[in-house]
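> Here's a structure for you.
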Amino acid sequence: MTKLWAGRFAKPTDALLDDFQSSIPFDQRLLRCDVTGSIAHATMLGEQGIISDEDAEKIVAGLKEILAQYDAGQLEIDMGAEDVHMFVEALLTERIGDAGKRLHTGRSRNDQVALDVRMYAREACTTVKGLLLKLLNLLADLAEDHSQTIMAGYTHLQKAQPVTLGFHLMAYFQMFKRDVVRFEHAFEAADVMPLGSGALAGTTYPLNRARVAEILDFSEVTDNAMDGVSDRDFLLDFLSAASILMMHLSRFCEELILWSSTEFGTAIMDDGFATGSSIMPQKKNPDACELTRGKTGRVYGDLMGLLTVMKGLPLAYNKDMQEDKEAFFDAYDTIVKCLPTFTEMLRTTNFRKDKLYESAGLGFTNATDLADYLVGKGVPFRDAHHVSGSLVGKCVRENRALVDLTLDELKAAHPAFEEDIYTAISLESCVNRRKLIGGPAPETVLNSIRRSRVWLAAHE
Ligand code: ARG
């Protein structure tokens, strides 16, 4: 195919460079956005009298036909084309003749590619948000089911205080909820229409930029042509949101991997979401979690890659920026695979209430409550902490739990202990009494779930 810009050149591009610079292998997925954007541009050109109505109609009809063929899987993409924009324009001109050559009036590939990627990024944000909402709904449901499922909470991966599984799951709810907000922000960042920026300095044609924004449902138009063609912040917003989301997924995966181990044994993954070993017949591996944890690295890489591509670029457009797409698509594709797999894996995982409870009773998770009990009897917290610590030390030496100590033994450590200590340090009371906002008490968590469902309904 002759290059649309061949006029200035005395000989064809070297095959090596052709191959090196072509983006069509990866930017062909922008075709839908490219054609839709061109239809809007041509419509506006016709309305403004910049091209004739007849040419505008021909262009729009030709583009619609290309899109219909593409959607039907009947469009053969020319892999020799430089990029998707050149491919569509050349194909259109081949089909409708001279009118096709007028499509690019008042436009540059620099603002065209910015438009296409912004349109694609908006769709990507909406898709990811939809997937996140599914996960959030599941988390709210599971948390409700497990609002009374007592388990050990950890710090330093050492047993800390009793919580509930519902409370633990709602901690993830908060993280993924913030992820939704981040993707909403990434959507807004992408939702600015750059066409009319031209190559870098706008154009002399009387374009109606607001009209193009209206046709393509953009909230606003870019305010500076140089920025319009140079800005890839919106992709970095997407990639940052993607990286943080993957980090959250990865932490959750790490916990599920731990919980599935024989040592914890508190989560049993469904057979449909675990894999076996080719040599060890007993194995049931949490591959979905491991892979998600692993893929977090590539999404971070996508973010760092694009940040690095952008850091030294002088204004305005530079071809380096063509590298934005693979990073963006890779992160997007990774999330689109990870989220539904993770959600279904979580939905089908069975949490062992008995083991969670048993495990919560080990490791002195009620030692804080024992100290708090003394504080309730008027003992200063520091002294109470010391008494509790010495009782824990005694129990460790004697291989007992705090609830196994007799009242005499407790009184020997501090005279303020009474019979009611045993209910005060039961796992149930440790959890139920933490009913302040943000606490693990079942009623508090159920309230939080209620508020969360209202939030979900407002963000669907
Ligand atoms: N394929 C290019 C990209 O993805 C399109 C813009 C090319 N513009 C240019 N002036 N060469 O960035």
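The values are calculated or read from the model by the stated rules, or taken from the named source; none is laboratory data. Predicted model, so just to flag it, every value in this text is computed and none were measured. Positions of Cβ are generated from backbone atoms using ideal geometry, with glycine treated the same way; all protein chains shown enter the neighbour counts. Accessible surface is based on the protein model in full, side chains and every heavy atom, while ligands, DNA and RNA are left aside. Shrake-Rupley method; radii C 1.70, N 1.55, O 1.52, S 1.80 Å.
> At 222 nm, what helix-only mean residue ellipticity would the chain give, in deg cm²/dmol to the nearest 500, using -39500 (n - 2.57) for each DSSP H run of four or more?
-20000 deg cm²/dmol
> With r as the distance between the Cβ atoms of Ala199 and Gln69 and R0 = 25 Å, compute the FRET efficiency 1/(1 + (r/R0)^6) and round to 0.05.
0.25
> Okay, moving on. Could you give the distance between the Cα centres of the stretch 174-194 and the stretch 322-392, to the whole Å?
Using only Cα atoms, the two centres lie 28 Å from each other.
> Provide the FRET efficiency to the nearest 0.05 for the Leu16-Thr105 pair, computing r from the beta carbons and using R0 = 35 Å.
After rounding to 0.05, the efficiency reads 0.60.
> Within the stretch 229-268, find all residues whose amide N lies under 12 Å from a label point positioned 7 Å from the Cα of Asp354 along Cα-to-beta-carbon.
none
> Another one. Can you tell me, using C-alpha contacts under 8 Å and at least 6 residues apart, the relative contact order of the chain as a whole percent?
Numbers: 631 pairs, mean separation 73.3, N = 460.
Relative contact order of the chain: 16 percent.
> Let a ≥ b ≥ c be the square roots of the eigenvalues of the Cα gyration tensor of the stretch 313-460; is it rounded (a/c under 1.5), or, if not, prolate (a/b larger than b/c) or oblate?
Verdict is prolate for the stretch 313-460.
> Tell me, in nm to one decimal, what length is gained between Glu326 and Thr341 on full extension, where the rule is 0.36 nm per residue of separation less the Cα-Cα distance?
3.1 nm
> Follow-up question, since we're still on this one. So, with a 1.4 angstrom probe, what is the percent of accessible area on the stretch 24-136 that is carbon and sulfur?
Result for the stretch 24-136: 47 percent of the exposed heavy-atom area is carbon or sulfur.
> Of all the stretches in the chain, which is the longest one without any exposed loop site, taking trypsin sites (Lys or Arg not before Pro) in a DSSP loop (any state but H, G, I, E, B) with at most 16 other Cβ atoms within 10 Å?
The segment 4-282 is the longest one with no such site.
> Normalise the Debye intensity by I(0) for the stretch 56-129, one equal point scatterer per Cα, no solvent, then take log10 at q = 0.28 Å⁻¹ and round to two decimals.
Debye intensities relative to I(0), on a log10 scale: -1.31.
> How far apart, in nm, are two points set 7 Å out from the Cα along the Cα-to-Cβ line at Arg382 and at Thr423?
Computed distance between label sites Arg382 and Thr423 equals 3.3 nm.
> Oh, and also: Hey, if we sort Thr296, Thr368 by accessible area with the 1.4 Å probe, largest down, what's the order?
Descending order: Thr368, Thr296.
> Would you mind computing the Rg to Rh ratio of the stretch 1-98 from its alpha-carbon coordinates, Kirkwood style for Rh?
Working: Rg = 14.5 Å, Rh = 14.4 Å.
Taking Rg over the Kirkwood Rh, I get 1.00.
> Another question, if that's okay. Which three extents, in angstrom, do the Cα atoms of the chain have along their principal axes, listed largest first?
100, 52, 39
> Tell me whether the stretch 158-309 comes out rounded, prolate or oblate; compute the Cα gyration tensor, take square roots of the eigenvalues as a ≥ b ≥ c, and use a/c under 1.5 as the rounded threshold. Don't skip to the end; give the middle numbers.
On the way: a/c = 3.55, a/b = 2.63, b/c = 1.35.
Prolate, since a/c reaches 1.5 and a/b exceeds b/c.
> Using a 1.4 Å probe on the protein heavy atoms, what percent of the accessible area of the stretch 326-385 belongs to carbon and sulfur?
Numbers: 1460 of 2710 Å².
Solvent-exposed carbon and sulfur of the stretch 326-385 make up 54 percent of the total.
> Amide H neighbours of Ala160 under 5 Å, counting only residues 5+ apart in sequence or on other chains, H built in-plane at 1.01 Å?
Here the answer is Gly153, Tyr154, Thr155, since their amide H atoms fall under 5 Å of that of Ala160.
> Further question on the same structure: At 1.4 Å probe radius, can you tell me the per residue accessible area of the chain in Å²?
48
> Would you work out the relative contact order for the stretch 299-420, in percent, from Cα pairs under 8 angstrom that are 6 or more residues apart?
Across the stretch 299-420, relative contact order equals 16 percent.
> Sticking with this structure for a sec: Over the stretch 1-124, what is the relative contact order in percent, taking alpha-carbon pairs closer than 8 angstrom and at least six residues apart?
34
> Starting from the Cα of Glu214, step 7 Å toward the Cβ, then list every residue of the stretch 101-144 with an amide N under 12 Å from that point.
No residue qualifies, since no backbone N sits under 12 Å from the label point.
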